[in-house]
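Asks: So that we are looking at the same thing, I have put the structure below in structure tokens.
Nothing in this text is a laboratory measurement; each read-out follows from the coordinates by a stated rule. What you see is a predicted model; the values in this text were computed from it and never measured. All Cβ positions, even for glycine, are placed from backbone atoms using ideal geometry, and neighbour counts span all protein chains on display.
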Amino acid sequence: MLPHLFLCRHGETAWNAERRIQGQTDIPLNDLGRRQAAGNGARLRELLGAGAPGWDFLASPLGRTRETMEILREALGLPREGYPTDPRLMELHFGDWQGFTLAEIAKETPGAIEERERDKWNYVPPGAGAESYAMLDKRIWPVFAELTRPTIVVAHGGIARCFLVRLDEMTTEEAAHSFIAQDRVIEAREERVDWV
């Protein structure tokens, strides 16, 4: 059984706003993303009160997740620094598609987006290092399985999708096509999952 967890997607970046595929490209938060992170931090402060220092914190090492974590920690009255990162929590690698919009990919490679849509969970984009969501799930789940204490995790949309599938909140089909909010937090406690 997992410990009590909060899982937060990083705030918005310019590439999110442009609907440009980031994957593991290191793009910083934009102003809206910083406000989203601060809002999530305020929500966690309401929920945890003075208990936040007793929690563990863990983030993906990409800049957008680290900045989100630091804003959260500041909202909780904690030092911005002083938390570990784990490279296994990095976003899905989109191979050659990183940096492009779906419209640009469709124009450059006709039929590729349709092929992906037929089995989005298992589709591996072209290019070195590219992953499917199924591959991502195998990479990230050991991170969660190793947690033993209440933990606030800041990661990415792909990680949240895999997490929700593992906890039977979504099918792989639903998760692959669902929007993962950047201004809300997933809470998992005693096998119950809520968006807060």
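Asks: Look at the range 101-151 and say how many of its residues are crowded, with 16+ Cβ neighbours inside 10 Å, touching a strand residue (DSSP E or B) at 6+ places or on another chain (Cβ under 9 Å) and without any contact (Cβ under 8 Å) to a residue 60 or more places away in the chain.
Replies: 1
Asks: Any residue at all in the range 17-27 that is in a helix (DSSP H, G or I) and under 21 Å from HIS93 (Cβ atoms)?
Replies: Taking every residue of the range 17-27 in turn, none turns out to be in a helix (DSSP H, G or I) and under 21 Å from HIS93 (Cβ atoms).
Asks: Say whether the condition of being loosely packed, with under 12 Cβ neighbours inside 10 Å, of a type in the set (D, E, K, R), assigned to a loop (DSSP other than H, G, I, E, B) and without any contact (Cβ under 8 Å) to a residue 12 or more places away in the chain is met by at least one residue in the range 79-100.
Replies: yes
Asks: Would you check which residues across the range 25-56 are touching a Leu at 6+ places or on another chain (Cβ under 9 Å), surrounded by fewer than 17 Cβ atoms within 10 Å (Cβ to Cβ) and farther than 22 Å from LEU5 by Cα and list them?
Replies: Within the range 25-56, THR25, ASP26 meet the criteria.
Asks: Shifting gears a bit: Working only within the range 61-81, note down all residues that are out of contact with any helix residue (DSSP H, G or I) (no Cβ under 8 Å at 6 or more places or on another chain) and among the small types (Gly, Ala, Ser).
Replies: GLY63
Asks: So PHE57 fits all but one of (1) without any contact (Cβ under 8 Å) to a residue 24 or more places away in the chain; (2) in a strand (DSSP E or B); what number is the exception?
Replies: (1)
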